[in-house]
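**Student:** Let me give you the structure first, and then I'll get to my questions.
The values are calculated or read from the model by the stated rules, or taken from the named source; none is laboratory data. Keep in mind that what you see is a predicted model, and the values were worked out from it rather than measured. Backbone-built Cβ (ideal geometry, glycine too); neighbour counts: all protein chains shown.
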Amino acid sequence: MQNNSNQAVKKVVVAGGGTAGWVAAAALSKRLKGLVEVVLVESEDIGTIGVGESTIPPVQLFHNILGIDEQEFMRATDATFKLGISFENWGQIGDRYIHPFGTTGKGSFLTDFQHYFLHGQKLGVEASFGDYCYELQAAKAHKFGKSATSNISYAYHLDAGRYARFLRTFSESHGCRRIEGKIASVTQHQNGDIKSLLLASGEEVSGDLFIDCTGFRALLIEQTLQTGFVPWDHWLPCNKAVVVQTESAATIPPYTRAIAHDSGWQWKIPLQHRVGNGLVYASDYLSDELARQRLVDGLETSALFEPRFLSYQTGQRKKFWNKNCVALGLSSGFIEPLESTSIYLFMNGVVRLLRLFPFDGVRQALADEYNQQSISELEKIRDFIILHYHQTERTNSPFWNYCRTMQVPDSLAHRMELFRESAHAFQSGEEMFRLESWTHVMLGQRLQPNSYHQLVASLPEQELRQHLQNIRDTIGRAVEKLPSHRDFLRQYCPAN
Ligand code: FAD
């Protein structure tokens, strides 16, 4: 039996046609056209997870790489714009802050903006950190606009089912071949590499490189290759969600809502023609029936179908690339939907794969590099999500008492201590979340620094006050000119 790893990669087989599968197929078929054959196998009988509708700004970059037209994509997916996430009841019941996209304030080379803000606060300037962010102010006013002269950082809310169909059409137009069928078993070469997928119909689909997008089943990476899983449920104990779609509401806020409840949180994602709703909870602390009731009680418009339940475990696969198999999407692991990072992670994963593509055959060094980059990226996002649960003053339930007092990863403990003692935040390497993101969440959830950089304290008081005032005024004038989000959508990309 030949050793597959020496073979040039001429054919890629994508197993699974959820969002991850079609994202992978779209990128590979478009960017490797003429070099590599791309085949996707999916089973309509099994279906997809059907959630995953809130995104973060790098999705635009991914679309640019593929040459996807924004208006066409938004019309096809019932999409709306997203400027951030409104976190409600997280630090304390009644609290609200928005974690926005874009920049906040204007610091200097030596001192980041939060130091200016904190000094202003000490001098009695009555403004919140979010008052220095254009995207956040636009989000609060339910406004949105784009022009050649003003940059606005944004992402999308989209219909997951429509998005997969949109990417399927795109992929097929770039030569991807789709095979409908249930994967009954997976065959391997003598060295353990995957050789083929055997379908229930009897068809055999062989390939050189396999992309596992089979969702939580992880048919190739785990059921076949037994790669192993690192659980994170001791830090991220939510493990269930109950979801339902409702009729659209009177307003379309350009942000996702994440509302904490006593054993988890609830999302509201506004699309053009409906709202996505879900209640995330930890089954050790809340029963399914109470979760369902709580979801239904919190709905603002009529449900379009019966709520359905999903189960998951937070954690990551020990390797994302094992032998000739790369796991993308839920098969590679899952953090939490809280900061809408999953779609981004597999988009970035497929871009990383394109960068390191094993044209001459799978090499261990390529897989090692891919795994190192992916794991490092995911662990930083994991810390950011844990921060939301851990940094709270809520004492009203066993769930929050657990989260507030649990031991967090050392990497996160260090960030929190650094901010508490000195107001420093940082973005390390190619980390997804910028220091402003960390600062918004830490301040928004009541982590008040004891001190800040003394270089800003040496500025003349009037100069500092003027600097802060100018930023707020500029933002205020810019937001004033924006149309409402709803009006902008109507004119720019009415859904099909
Ligand atoms: P799936 O959608 O489960 O697709 C698996 C595919 O594999 C399907 O096509 C299925 O038919 C196929 N398959 C499986 N077994 C077989 C077989 N034997 N034979 C043939 N085909 C097979 N992400 C975000 O970015 N933003 C969010 O707001 C967000 N919210 C979420 C909320 C919840 C509660 C959860 C659980 C996840 C959320 N996610 C979110 C994550 C997001 O839903 C997923 O990352 C995304 O949908 C990709 O899923 P997938 O394609 O990996 O898996």
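**Student:** For a quick check of your reading of the model, give me the residue pairs whose first member lies in the range 97-125 and is more than 14 Å from HIS440 (Cβ to Cβ), whose second is basic (Lys, Arg) and in a helix (DSSP H, G or I), with beta-carbon atoms closer than 8 Å and at least 6 apart or on different chains.
**Tutor:** GLY120/ARG465; LEU123/ARG465; VAL125/ARG465
**Student:** So PRO237 clears everything in (1) under 20 Å from TRP400 (Cα atoms); (2) touching a strand residue (DSSP E or B) at 6+ places or on another chain (Cβ under 6 Å); (3) buried (at least 19 other Cβ atoms within 10 Å of the Cβ); (4) not basic (Lys, Arg) except one condition, right? Which one?
**Tutor:** Only one criterion in (1) under 20 Å from TRP400 (Cα atoms); (2) touching a strand residue (DSSP E or B) at 6+ places or on another chain (Cβ under 6 Å); (3) buried (at least 19 other Cβ atoms within 10 Å of the Cβ); (4) not basic (Lys, Arg) is unmet by PRO237, namely (2).
Rundown of residues vs (1) out of contact with any helix residue (DSSP H, G or I) (no Cβ under 6 Å at 6 or more places or on another chain); (2) away from the ligand (no atom under 16 Å from the Cβ); (3) assigned to a loop (DSSP other than H, G, I, E, B), yes/no style:
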{"residue": "GLN313", "(1), (2), (3)": "yes, no, yes"}
{"residue": "GLN316", "(1), (2), (3)": "no, no, no"}
{"residue": "SER331", "(1), (2), (3)": "no, no, no"}
{"residue": "SER340", "(1), (2), (3)": "yes, no, yes"}
{"residue": "TYR344", "(1), (2), (3)": "no, no, no"}
{"residue": "VAL351", "(1), (2), (3)": "yes, no, no"}
{"residue": "PHE359", "(1), (2), (3)": "yes, yes, yes"}
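**Student:** Would you say GLY207 is in contact with a Lys or Arg (Cβ under 6 Å, 6 or more places away or on another chain) and under 22 Å from GLY333 (Cα atoms)?
**Tutor:** no
**Student:** Please indicate, with yes or no, whether at least one residue in the range 41-59 is more than 9 Å from the ligand (Cβ to nearest atom) and free of Cβ contacts under 8 Å to residues at least 60 places away in the same chain.
**Tutor:** no
**Student:** Still on this structure, I have one more. Among the helices (runs of 4 or more DSSP H) confined wholly to the range 1-118, which include 1 or more residues that are farther than 16 Å from TYR163 by Cα and among the charged types (D, E, K, R)?
**Tutor:** 19-31
**Student:** Only one of (1) more than 23 Å from the chain's Cα centre (by Cα); (2) farther than 20 Å from GLY329 by Cα is not met by ALA258, so which one is it?
**Tutor:** (1)
**Student:** Can you work out which of the residues in the range 196-211 that are more than 17 Å from VAL36 (Cα to Cα) and more than 13 Å from the ligand (Cβ to nearest atom) is surrounded by the most Cβ atoms within 10 Å (Cβ to Cβ)?
**Tutor:** Of everything passing the filter in the range 196-211, GLU204 is surrounded by the most Cβ atoms within 10 Å (Cβ to Cβ).
**Student:** Is the range 108-118 home to any residue that is among the acidic types (Asp, Glu) and away from the ligand (no atom under 16 Å from the Cβ)?
**Tutor:** Scanning the range 108-118, I find at least one residue that is among the acidic types (Asp, Glu) and away from the ligand (no atom under 16 Å from the Cβ), so the answer is yes.
**Student:** Any idea how many residues of the range 383-434 are outside any loop (DSSP other than H, G, I, E, B) and at pLDDT below 95?
**Tutor:** 0
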